[in-house]
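A.B. asks: My questions will all concern the structure given below.
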Amino acid sequence: MVIAIDGPSASGKSTVSRLVAESLGFRHVDTGAMYRAVTWKMLDDGVDPADTDGVVHRLKTLRMELDFVSEESGPSALRIRLDDQDPGRKIREAQVERAVSAVAAIPQVRAWCVARQRALASRGDLVMEGRDIGTVVFPETPYKFFLDASPEVRAQRRAAERTAAGENAAVAAVAKDMTERDRLDCSRKVAPLRVADDAIRLDTSRVNARGVADLIIRHLRSRHARAACCPEQK
Ligand code: C5P
(Lines give C-alpha, C1' and ligand atoms only; values in the text may rest on other atoms or scores of the structure.)
Protein backbone atom coordinates (compact mmCIF):
# COMPACT_ATOMS: atom_id res chain seq x y z
CA MET A 1 0.00 0.00 0.00
CA VAL A 2 1.33 3.41 -0.96
CA ILE A 3 -0.09 6.66 0.40
CA ALA A 4 0.92 9.53 -1.86
CA ILE A 5 1.24 12.98 -0.29
CA ASP A 6 2.17 15.75 -2.72
CA GLY A 7 2.39 19.51 -2.45
CA PRO A 8 4.69 22.50 -2.74
CA SER A 9 7.46 23.31 -0.27
CA ALA A 10 6.41 24.25 3.26
CA SER A 11 2.87 23.00 2.64
CA GLY A 12 3.39 20.86 5.73
CA LYS A 13 3.75 17.60 3.84
CA SER A 14 6.92 16.36 5.57
CA THR A 15 5.59 16.69 9.10
CA VAL A 16 2.16 15.37 8.10
CA SER A 17 3.64 12.44 6.15
CA ARG A 18 5.80 11.44 9.09
CA LEU A 19 2.84 11.58 11.48
CA VAL A 20 0.66 9.50 9.14
CA ALA A 21 3.44 6.92 8.64
CA GLU A 22 4.07 6.71 12.39
CA SER A 23 0.37 6.29 13.21
CA LEU A 24 -0.08 3.52 10.64
CA GLY A 25 3.27 1.80 11.20
CA PHE A 26 4.27 2.50 7.58
CA ARG A 27 7.68 3.56 6.30
CA HIS A 28 8.23 7.18 5.34
CA VAL A 29 9.89 8.23 2.10
CA ASP A 30 10.82 11.86 1.44
CA THR A 31 11.47 11.92 -2.31
CA GLY A 32 12.56 15.57 -2.15
CA ALA A 33 15.55 14.33 -0.15
CA MET A 34 16.54 12.10 -3.08
CA TYR A 35 16.57 15.03 -5.54
CA ARG A 36 18.40 17.14 -2.97
CA ALA A 37 20.98 14.39 -2.43
CA VAL A 38 21.68 14.11 -6.17
CA THR A 39 22.01 17.91 -6.35
CA TRP A 40 24.35 17.97 -3.35
CA LYS A 41 26.53 15.29 -5.00
CA MET A 42 26.74 17.24 -8.26
CA LEU A 43 27.82 20.39 -6.41
CA ASP A 44 30.28 18.43 -4.26
CA ASP A 45 31.84 16.90 -7.37
CA GLY A 46 32.07 20.28 -9.10
CA VAL A 47 29.39 19.51 -11.69
CA ASP A 48 27.42 22.63 -12.65
CA PRO A 49 23.70 21.91 -12.04
CA ALA A 50 22.90 23.99 -15.15
CA ASP A 51 25.07 21.69 -17.30
CA THR A 52 22.53 19.01 -18.21
CA ASP A 53 25.05 16.85 -20.12
CA GLY A 54 27.48 17.02 -17.20
CA VAL A 55 24.78 16.02 -14.70
CA VAL A 56 23.57 13.15 -16.90
CA HIS A 57 27.13 11.95 -17.45
CA ARG A 58 27.87 11.91 -13.70
CA LEU A 59 24.57 10.15 -13.01
CA LYS A 60 25.70 7.15 -15.08
CA THR A 61 28.25 6.09 -12.47
CA LEU A 62 26.50 7.41 -9.37
CA ARG A 63 25.45 4.81 -6.80
CA MET A 64 22.56 5.58 -4.47
CA GLU A 65 21.95 3.29 -1.49
CA LEU A 66 18.58 3.57 0.21
CA ASP A 67 17.99 2.04 3.65
CA PHE A 68 15.25 2.43 6.16
CA VAL A 69 16.40 3.36 9.63
CA SER A 70 14.26 3.29 12.75
CA GLU A 71 14.58 6.22 15.09
CA GLU A 72 13.50 6.31 18.71
CA SER A 73 10.47 8.38 17.84
CA GLY A 74 8.90 8.76 14.42
CA PRO A 75 8.48 6.26 11.62
CA SER A 76 11.14 4.20 9.92
CA ALA A 77 12.63 6.67 7.45
CA LEU A 78 14.92 6.68 4.46
CA ARG A 79 18.68 7.07 4.82
CA ILE A 80 20.43 8.03 1.60
CA ARG A 81 24.05 7.32 0.72
CA LEU A 82 25.68 8.40 -2.51
CA ASP A 83 28.90 6.67 -3.56
CA ASP A 84 29.27 5.59 0.10
CA GLN A 85 28.85 9.13 1.46
CA ASP A 86 26.03 10.20 3.76
CA PRO A 87 25.24 13.85 2.99
CA GLY A 88 23.16 14.22 6.17
CA ARG A 89 21.89 17.76 6.76
CA LYS A 90 23.97 19.15 3.88
CA ILE A 91 21.06 18.45 1.53
CA ARG A 92 19.11 21.18 3.37
CA GLU A 93 21.73 23.90 2.79
CA ALA A 94 20.90 27.01 0.78
CA GLN A 95 23.17 26.21 -2.19
CA VAL A 96 21.45 22.83 -2.66
CA GLU A 97 18.02 24.42 -2.25
CA ARG A 98 18.79 26.99 -4.95
CA ALA A 99 19.97 24.35 -7.46
CA VAL A 100 17.62 21.43 -6.78
CA SER A 101 14.73 22.46 -9.04
CA ALA A 102 17.04 22.74 -12.06
CA VAL A 103 18.51 19.28 -11.41
CA ALA A 104 15.05 17.77 -10.73
CA ALA A 105 13.81 19.14 -14.08
CA ILE A 106 16.28 16.98 -16.04
CA PRO A 107 14.26 14.03 -17.43
CA GLN A 108 17.11 11.53 -16.91
CA VAL A 109 17.43 12.56 -13.25
CA ARG A 110 13.70 12.06 -12.78
CA ALA A 111 13.70 8.63 -14.45
CA TRP A 112 16.68 7.61 -12.30
CA CYS A 113 14.97 8.70 -9.06
CA VAL A 114 11.50 7.42 -9.98
CA ALA A 115 12.83 3.90 -10.71
CA ARG A 116 14.34 3.82 -7.22
CA GLN A 117 11.17 5.23 -5.61
CA ARG A 118 9.02 2.53 -7.24
CA ALA A 119 11.42 -0.19 -6.13
CA LEU A 120 10.95 0.89 -2.49
CA ALA A 121 7.31 -0.24 -2.56
CA SER A 122 8.46 -3.87 -2.65
CA ARG A 123 9.93 -3.39 0.86
CA GLY A 124 6.58 -2.73 2.55
CA ASP A 125 3.78 -0.20 3.03
CA LEU A 126 4.83 3.39 2.45
CA VAL A 127 3.85 6.98 2.94
CA MET A 128 5.68 8.72 0.10
CA GLU A 129 5.82 12.49 -0.15
CA GLY A 130 6.87 14.61 -3.09
CA ARG A 131 5.62 16.56 -6.08
CA ASP A 132 4.61 13.81 -8.53
CA ILE A 133 3.88 10.75 -6.41
CA GLY A 134 0.14 10.66 -7.17
CA THR A 135 0.54 11.72 -10.81
CA VAL A 136 3.64 9.85 -12.01
CA VAL A 137 5.35 7.58 -9.48
CA PHE A 138 2.28 5.70 -8.19
CA PRO A 139 -0.65 6.97 -10.30
CA GLU A 140 -2.53 3.73 -9.58
CA THR A 141 -2.67 4.19 -5.81
CA PRO A 142 -6.17 5.13 -4.63
CA TYR A 143 -4.70 6.97 -1.63
CA LYS A 144 -3.65 10.42 -2.84
CA PHE A 145 -3.52 13.68 -0.95
CA PHE A 146 -2.40 17.12 -2.05
CA LEU A 147 -1.46 19.60 0.67
CA ASP A 148 -1.24 23.32 0.13
CA ALA A 149 -1.25 26.54 2.16
CA SER A 150 -1.28 30.23 1.34
CA PRO A 151 2.06 31.63 0.09
CA GLU A 152 2.29 33.85 3.20
CA VAL A 153 1.83 30.95 5.61
CA ARG A 154 4.32 28.82 3.70
CA ALA A 155 6.97 31.55 3.70
CA GLN A 156 6.46 32.21 7.42
CA ARG A 157 6.72 28.51 8.23
CA ARG A 158 9.91 28.06 6.24
CA ALA A 159 11.48 31.19 7.71
CA ALA A 160 10.60 30.00 11.23
CA GLU A 161 12.18 26.59 10.54
CA ARG A 162 15.34 28.27 9.27
CA THR A 163 15.53 30.61 12.24
CA ALA A 164 15.06 27.66 14.62
CA ALA A 165 17.97 25.95 12.83
CA GLY A 166 20.14 28.98 13.61
CA GLU A 167 20.08 30.45 10.10
CA ASN A 168 19.40 34.01 9.12
CA ALA A 169 16.04 33.94 7.36
CA ALA A 170 13.97 37.00 6.48
CA VAL A 171 10.42 36.10 5.44
CA ALA A 172 10.62 38.24 2.28
CA ALA A 173 13.79 36.52 1.04
CA VAL A 174 12.38 33.07 1.82
CA ALA A 175 9.16 33.96 -0.03
CA LYS A 176 11.15 35.06 -3.09
CA ASP A 177 13.17 31.82 -3.26
CA MET A 178 10.02 29.78 -2.71
CA THR A 179 8.14 31.52 -5.51
CA GLU A 180 11.00 30.83 -7.89
CA ARG A 181 11.20 27.14 -6.88
CA ASP A 182 7.40 26.81 -7.30
CA ARG A 183 7.64 28.40 -10.74
CA LEU A 184 10.34 25.95 -11.85
CA ASP A 185 8.59 22.91 -10.31
CA CYS A 186 5.22 23.80 -11.89
CA SER A 187 6.53 24.69 -15.34
CA ARG A 188 9.01 21.90 -16.06
CA LYS A 189 8.22 19.66 -19.04
CA VAL A 190 8.42 16.32 -17.22
CA ALA A 191 6.27 15.60 -14.16
CA PRO A 192 5.42 19.19 -13.19
CA LEU A 193 3.87 19.81 -9.79
CA ARG A 194 0.12 19.45 -10.21
CA VAL A 195 -2.82 18.01 -8.33
CA ALA A 196 -3.81 14.50 -9.45
CA ASP A 197 -7.44 14.44 -10.64
CA ASP A 198 -8.36 11.94 -7.93
CA ALA A 199 -6.36 13.48 -5.08
CA ILE A 200 -7.97 14.90 -1.96
CA ARG A 201 -6.87 18.51 -1.50
CA LEU A 202 -6.23 19.80 1.98
CA ASP A 203 -5.44 23.40 2.86
CA THR A 204 -3.09 23.37 5.83
CA SER A 205 -3.00 27.16 6.36
CA ARG A 206 -5.15 27.07 9.49
CA VAL A 207 -4.85 23.47 10.67
CA ASN A 208 -1.80 22.15 12.46
CA ALA A 209 0.10 19.09 11.23
CA ARG A 210 -1.51 16.74 13.77
CA GLY A 211 -4.95 17.90 12.68
CA VAL A 212 -4.14 17.33 9.00
CA ALA A 213 -2.63 13.90 9.72
CA ASP A 214 -5.76 12.91 11.68
CA LEU A 215 -7.96 14.00 8.77
CA ILE A 216 -5.94 11.82 6.40
CA ILE A 217 -6.05 8.83 8.74
CA ARG A 218 -9.82 9.20 9.20
CA HIS A 219 -10.25 9.33 5.46
CA LEU A 220 -8.10 6.23 4.95
CA ARG A 221 -10.00 4.30 7.63
CA SER A 222 -13.43 5.14 6.20
CA ARG A 223 -12.24 4.25 2.73
CA HIS A 224 -10.86 0.97 4.02
CA ALA A 225 -14.11 0.17 5.82
CA ARG A 226 -16.07 0.94 2.64
CA ALA A 227 -13.80 -1.28 0.57
CA ALA A 228 -14.20 -4.13 3.08
CA CYS A 229 -17.99 -4.03 3.05
CA CYS A 230 -18.52 -3.11 -0.64
CA PRO A 231 -15.41 -3.82 -2.73
CA GLU A 232 -16.98 -2.35 -5.89
CA GLN A 233 -16.94 1.11 -4.22
CA LYS A 234 -13.25 0.97 -3.42
O1 C5P B 1 10.24 18.50 -0.93
P2 C5P B 1 11.49 19.32 -1.06
O3 C5P B 1 11.27 20.78 -0.93
O4 C5P B 1 12.60 18.83 -0.20
O5 C5P B 1 11.96 19.06 -2.58
C6 C5P B 1 13.10 19.68 -3.10
C7 C5P B 1 12.94 19.78 -4.60
O8 C5P B 1 13.02 18.49 -5.18
C9 C5P B 1 11.64 20.38 -5.13
O10 C5P B 1 11.67 21.79 -5.17
C11 C5P B 1 11.55 19.78 -6.52
O12 C5P B 1 12.32 20.52 -7.44
C13 C5P B 1 12.20 18.42 -6.34
N14 C5P B 1 11.24 17.33 -6.20
C15 C5P B 1 10.66 16.83 -7.33
N16 C5P B 1 9.84 15.75 -7.26
C17 C5P B 1 9.58 15.18 -6.09
C18 C5P B 1 10.12 15.70 -4.89
C19 C5P B 1 10.93 16.81 -4.98
O20 C5P B 1 10.89 17.36 -8.42
N21 C5P B 1 8.80 14.08 -6.06
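The values are calculated or read from the model by the stated rules, or taken from the named source; none is laboratory data. Since the model is a prediction, treat every value here as computed from it, not as a measurement. Note that each Cβ is placed from the backbone with ideal geometry, even for glycine, and that neighbours are counted across all protein chains shown. Accessible surface is based on the protein model in full, side chains and every heavy atom, while ligands, DNA and RNA are left aside. Shrake-Rupley method; radii C 1.70, N 1.55, O 1.52, S 1.80 Å.
A.B. asks: Among GLY54, GLY211, VAL109, which residue has its Cα positioned farthest towards the positive end of the charge dipole of the chain, with +1 placed on the Cβ of Lys and Arg, -1 on the Cβ of Asp and Glu, and the dipole taken about the Cα centre?
C.D. replies: GLY211
A.B. asks: ILE200's amide H: which non-local residues (gap 5+, or another chain) put their own amide H closer than 5 Å, with H modeled 1.01 Å from N in plane and none for Pro or chain starts?
C.D. replies: Distant-sequence amide H within range of ILE200: LYS144, PHE145, PHE146.
A.B. asks: Something else: What does the helix-only formula give at 222 nm for the chain: each DSSP H stretch with n ≥ 4 adding -39500 (n - 2.57), the total divided by the residues, and the result rounded to the nearest 500 deg cm²/dmol?
C.D. replies: -15500 deg cm²/dmol
A.B. asks: What's the extension gain from HIS224 to ARG206 if we count 0.36 nm per residue and subtract their Cα-Cα distance?
C.D. replies: 3.8 nm
A.B. asks: Taking R0 as 35 Å, what FRET efficiency do you get between LYS60 and GLU167 from their Cβ-Cβ distance, rounded to the nearest 0.05?
C.D. replies: Efficiency at R0 = 35 Å is approximately 0.50.
A.B. asks: Which value, in debye to the nearest 20, describes the size of the charge dipole of segment 46-163 about its Cα centre when Lys and Arg Cβ atoms bear +1, Asp and Glu Cβ atoms bear -1, and nothing else is charged?
C.D. replies: Dipole about the Cα centre, nearest 20: 120 debye.
A.B. asks: For the chain, with only Lys/Arg (+1) and Asp/Glu (-1) charged at the beta-carbon, what is the dipole magnitude about the Cα centre, in debye rounded to 20?
C.D. replies: Roughly 460 debye for the chain.
A.B. asks: Moving to a separate point now. Roll a 1.4 angstrom probe over the protein heavy atoms and tell me the percent of accessible area of the chain that is carbon or sulfur.
C.D. replies: 50
A.B. asks: Got a sec to turn the phi values of segment 76-90 into Karplus ³J(HN,Hα) couplings, 6.51 cos²θ - 1.76 cosθ + 1.60 with θ = phi - 60°, whole Hz, x for Gly and Pro?
C.D. replies: 5, 10, 6, 10, 10, 10, 10, 6, 6, 10, 9, x, x, 6, 4
A.B. asks: Identify the GluC sites (Glu not before Pro) of segment 47-139 meeting these criteria: DSSP loop state and at most 12 other C-beta atoms within 10 Å of the C-beta.
C.D. replies: Sites meeting the loop and neighbour criteria: GLU71, GLU72.
A.B. asks: So what J values fall out for segment 167-177 if you push phi through Karplus, 6.51 cos²θ - 1.76 cosθ + 1.60 with θ = phi - 60°, rounded to Hz, Gly and Pro as x?
C.D. replies: 8, 8, 9, 7, 4, 4, 5, 4, 4, 5, 4
A.B. asks: Sticking with this structure for a sec: How much of ARG92 can a 1.4 Å solvent probe reach, expressed as accessible area in Å² and rounded to 10?
C.D. replies: 80
A.B. asks: Right, something else. Kindly flag which residue pairs out of LYS41/LYS144; LYS60/LYS144; LYS13/LYS176; LYS90/LYS189; LYS60/LYS176 have an alpha-carbon separation exceeding 25 Å in this structure.
C.D. replies: In this structure, LYS41/LYS144; LYS60/LYS144; LYS90/LYS189; LYS60/LYS176 exceed 25 Å between Cα atoms.
A.B. asks: To the nearest 10 degrees, how steeply does helix 151-164 sit against the main Cα axis of the chain, on a 0 to 90 scale?
C.D. replies: 70
A.B. asks: Sorted by accessible area with a 1.4 angstrom probe, largest first, how do SER122, SER205, SER9 fall?
C.D. replies: So, going from the largest accessible area down, we get SER122, SER205, SER9.
A.B. asks: Another question, then. Just to verify a number: what accessible area does ARG63 come out at with the full protein assembly present, 1.4 Å probe, Å² rounded to tens?
C.D. replies: Around 120 Å² of this residue is reachable by solvent.
A.B. asks: In whole Hz, what ³J(HN,Hα) sequence does segment 40-47 give by Karplus (6.51, -1.76, 1.60; θ = phi - 60°), x for Gly and Pro?
C.D. replies: 4, 5, 4, 4, 5, 8, x, 8
A.B. asks: Calculate, in nm to one decimal, what ASP214 and ALA115 gain on full extension: separation in residues at 0.36 nm each, minus their alpha carbon distance.
C.D. replies: Extra length from ASP214 to ALA115 when fully extended: 32.6 nm.
A.B. asks: Hey, another quick one. Toward the positive end of the charge dipole of segment 2-226, about the Cα centre and with charges on Cβ (Lys, Arg +1; Asp, Glu -1), which of VAL195, LEU184, SER76 goes farthest?
C.D. replies: VAL195
A.B. asks: Another one. For segment 2-226, what is the relative contact order in percent, using Cα pairs closer than 8 Å and at least 6 residues apart in sequence?
C.D. replies: 32
A.B. asks: Over the chain, give the accessible area per residue in Å² for a 1.4 Å probe, as an integer.
C.D. replies: I get 50 Å² per residue for the chain.
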